[in-house]
Each structure stands twice: as structure tokens, then as C-alpha cells.
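This is the structure I want to talk about, given as C-alpha cells.
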Amino acid sequence: MKKAAVNKDNLQTLDLATLDGEGSFPCPTCGTLISPDDESEEVYQIIDTKMAGDELAELVICCGTCKTIIRITGFQQLLTRLPNE
Ligand SMILES: [Zn+2]
């Protein structure tokens, strides 16, 4: 297996609003299922977060399997779709 290195050219952007389900998605490069709710850091590591007011606007993570950097957007759209009563 080829050893992967963190590489800025290896950056994927993912819009949660375009996904089905509850926020889990396969890594665009290796297909590992990543859940933003999983905070064990085994599957992925958080590199950066951007807030818009009190809301999470953007999350930059690194896939623990292939080291692809994934920029996740669309959290606000996701939140507005969830029942919030
Ligand atoms: Zn991956």
C-alpha cells in the first residue's frame, strides 16, 4: 500500500446539503465512512473549524485512512432541515 501524506493539493470540498442521511459521508478519495458526530479521531481528525455566529459554518478534517483534507460546508442547511422542536 502506498503511504499517503498530507498534501494541500489533495483537498476535497463536500457540501452536506447535497448529501442524504444525517451527516455521514464516504471519504471522496478512499470511501471510508466519516461521521461528523464521531469524535474519536480514529476515522478523521479535525484540522480547522469556522463559525458563523454560534453556528458551525465549515469544518476542515483530515481522513485518517488516506490523509485527504476534506472541507465540509453546508452545516446550516443541514440544521434547518432537521426537526428542531
Ligand atoms: Zn480517505
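FYI, it's all coordinate maths here, none of it is from the lab. Remember, predicted model here, so these are calculated numbers, not experimental data. FYI the Cβ positions are ideal-geometry reconstructions off the backbone, even for glycines, and counts take in every protein chain you see.
Could you calculate the contour length gain from Lys67 to Asp54, that is, 0.36 nm times the residue separation minus the distance between their Cα atoms, to one decimal place in nm?
Here the answer is 1.8 nm.
Please give, to one decimal in nm, the separation of the simple spin-label points placed at Cys30 and Glu42, each 7 Å out from Cα toward the Cβ.
So the two model labels end up 1.4 nm from each other.
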